[in-house]
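Trainee: Just passing along the structure, written as structure tokens.
The values are calculated or read from the model by the stated rules, or taken from the named source; none is laboratory data. Here the structure is a predicted model, which is why all the values come from computation and not from measurement. Virtual Cβ from ideal backbone geometry, glycine too; neighbours counted across all protein chains shown. In case anyone asks, the SASA skips ligands and DNA or RNA and just uses the protein heavy atoms, side chains included. Shrake-Rupley method; radii C 1.70, N 1.55, O 1.52, S 1.80 Å.
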Amino acid sequence: MTSPDPQDIPNRVRFIRYGVMQLARRMRLERGDDPLSASKLVTLGWLVRGGALTPTELAARERVRPQSLTRTLASLEEDGLIVRMAGASDRRQSPVAITEKGLEALNRDMRQRDAWLAAAMAERLSPTECEILRLAAQLMERLAAPGEEDRC
């Protein structure tokens with residue numbers, strides 16, 4: 001296998017970035033009429049994947065300041081989508097967990113977008129292309145992981 005032409009890498013990177021951004025935009029458009037905000041979705045997603053987390057831990061995962069999450073967490077708690085666990089007197093150190101209602105809201109949001117994506121793939125892509133896309137998704141996850149080195 002030959003090494004990629006170093007002068008072609010910027011073109012490939014732009015092409016990939018454009019495709020990822022277009023799909024992300026379309027996925028946002030396919031959300032329901034009463035969608036959760038992006039920050040609420042991200043927060044609920046972290047709680048599903050990581051279990052109960054403190055606001056400080058959530059902020060570190062989202063790469064924002066803990067103060068930036070204050071409104072999001074207050075709104076999620078007010079809506080019954082998260083619950084604060086008993087803990088330290090400092091609210092920044094009291095873990096929050098997703099509630100059943102929060103999990104249902106997150107799943108409802110994902111189901112709508114998943115349904116659109118499944119239909120679009122079935123309509124527009126061959127089975128081989130669907131498999132290539134599945135493999136590309138795994139590669140994109142690896143690229144998005146913190147601490148991974150650039151190998152291209």
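Trainee: Can you pull the accessible area of GLU57 for me, 1.4 Å probe, Å² to the nearest 10?
Mentor: Accessible area, nearest 10 Å²: 90 Å².
Trainee: Still on this structure: Modelling each spin label as a point 7 Å along the Cα-to-Cβ direction, I'd like the ALA144/SER75 distance in nm, to one decimal.
Mentor: 2.1
Trainee: Tell me, what is the FRET efficiency for TRP116 and ILE16 to the nearest 0.05, using R0 = 22 angstrom and their Cβ-Cβ distance as r? List each step's numbers first, then the result.
Mentor: Numbers: r = 22 Å, r/R0 = 0.98.
The formula returns an efficiency of 0.50 here.
Trainee: Under a 1.4 Å probe, what is the accessible area of the chain per residue, stated in Å²?
Mentor: On the way: 11240 Å² over 152 residues.
That works out to 74 Å² for each residue.
Trainee: Related question: For the residue pair THR128 and GLU104, what label-to-label distance in nm results when each label sits 7 Å from Cα along the Cα-to-beta-carbon direction?
Mentor: Taking the two extended label points, one gets 4.5 nm.
Trainee: Whole-Hz ³J(HN,Hα) for each residue in the range 123-131, computed from phi via Karplus 6.51 cos²θ - 1.76 cosθ + 1.60 with θ = phi - 60°, x for glycine and proline: what do you get?
Mentor: Karplus-based 3J(HN,Hα) across the range 123-131 equals 7, 10, 10, 7, x, 5, 5, 4, 5 Hz.
Trainee: Please list the non-local residues whose amide H lies under 5 Å from the amide H of THR54, H modeled 1.01 Å from N, same-chain partners needing a gap of 5 or more.
Mentor: Sorted by chain and number, the residues that satisfy this are VAL96.
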